[in-house]
Amino acid sequence: MALVPELWPKLGWSFFLLLAFRVGIHVPVPGVDTVAMAAFFQQAQSTLFGVFDMFSGGGLRNVSIFSLGVMPYISASIIMQLLQVLSPDLKRMAKEEGAAGRKKVTQYTRYSTVLITVVQGLGLAVMLEGMRGPNGVPMVPEPGLMFRFVTIITVTAGTILLMWLGEQITSKGIGNGISLIIFAGIVAGIPGAMVQTYALAGDSLPYVALPIIAVLILVVTVVVVFIERAQRRIPVHYAKRQQGRRMYGGQTTHLPLRLNTAGVIPPIFAGSLLYFPATIAQFSENPFLQSFSVWFSPSTVLHSICYVALIVFFCYFYTAIIFDPKDIAENLKKQNGFIPGIRPGDKTREYIDNVLTRITLWGAIYISLICLLPQFLIQYFNLPFYFGGTSILIVVGVAMDFMGQVNSYMISRQYEGLLGKARIRGRFQ
């Protein structure tokens, strides 16, 4: 299926904005020794720094204006979703006031992003002032109040610019802008990760392990594609109703429930919580923190158990936030829809909730296995984070969504063309 001409400007606009993001990755924050920072990251892959650097597309490693990436915006979006559950007024604004209400929620999300970025920018500045490279070289030659102020202003402006780029991609390009920015950052780091992996061959990694690792990554990718497309379809019938002399309804459709409703949020949160002690222990000589870091190091069984437990918890928690069976049941009842054999109202809500609970368990098991298998490769073969389960989930998921939007746009344009031709023929008959 050839691309329609109208699609090329949208693709070009998306590519241009993503290119601007990649250029900004190499614009450093003033006052930081980037060479010492790069040397530090060679030893910090198994900590929270490695996770944040992956999601920022290498921005943290380069101490660039995009050091924080779009994570503040994602955090603000999740906080707003939580507040909609806790605040009836905010929930009513988002769902009942239409486009105006959603616009207000989006504006609140932007303000929250700026606030979170300012706080994280201050933390980043303080952290950089206390860091030293492998040779004892300080990261910040001239620490102080001015450095903190400049760092906060710089990274806040960078995050706001990224947020704007993502919104421009969503509105004028193709795909979800924020997701594509994360996707571009991870994909851009894959060639370097492959070179780093090949450099390990013959030293800490046997040559025979390279094709095995490649096959495992390919198998994991295929499994992710298959599972991410999996749905539990609940049949829904709509009763016939008469308005005047016409009959409406009477059709049969289905309610699709994704096996992995929570997406990549559970492994991101679980990994961040578990890597946090190891990160803090690097800057503290407290014996308890050092012991705690050893207990929860990625090579321990305790780390794997806690990792799986947190993934399962966040799968259920985040699914409960973004999917409300009560709203679905009420909407079906208003539209004269019903599930065969299930009474409308509370019984429908309970049925949907039970089905969602069961498939969420399988989704949590799937995410745990996908994340643990590459985690073993990272631990025992010292592979980069770019080959982790979270990275594969993000890359595959965003790529599938992007291609789905491209296909939907092409199909809609083809239908518009056919309808236009039909109307033109009708005028001349």
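The table below lists the values:
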item: For the range 328-373, alpha-carbon Rg relative to the globular expectation (2.2 N^0.38 Å, N residues); result: 1.57
item: The range 62-128 and the range 130-149: distance between their alpha carbon centers, rounded to Å; result: 29 Å
item: Violating pairs (Cα-Cα greater than 29 angstrom) within the set K104/K347; K103/K334; K10/K91; K10/K334; result: K104/K347; K10/K91; K10/K334
item: The range 1-189 - percent relative contact order, Cα under 8 Å, separation 6 or more; result: 32 percent
item: Förster-model FRET efficiency, 51 Å R0, E330 and Y198, C-beta, rounded to 0.05; result: 0.35
item: Where Rh is the Kirkwood radius over Cα pairs, Rg/Rh for the range 1-189; result: 1.04
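Each value in this text was obtained by applying a stated rule to the coordinates, not by laboratory testing. Remember, predicted model here, so these are calculated numbers, not experimental data. Cβ: placed from backbone, ideal geometry, glycine included. Neighbour counts: every protein chain shown.
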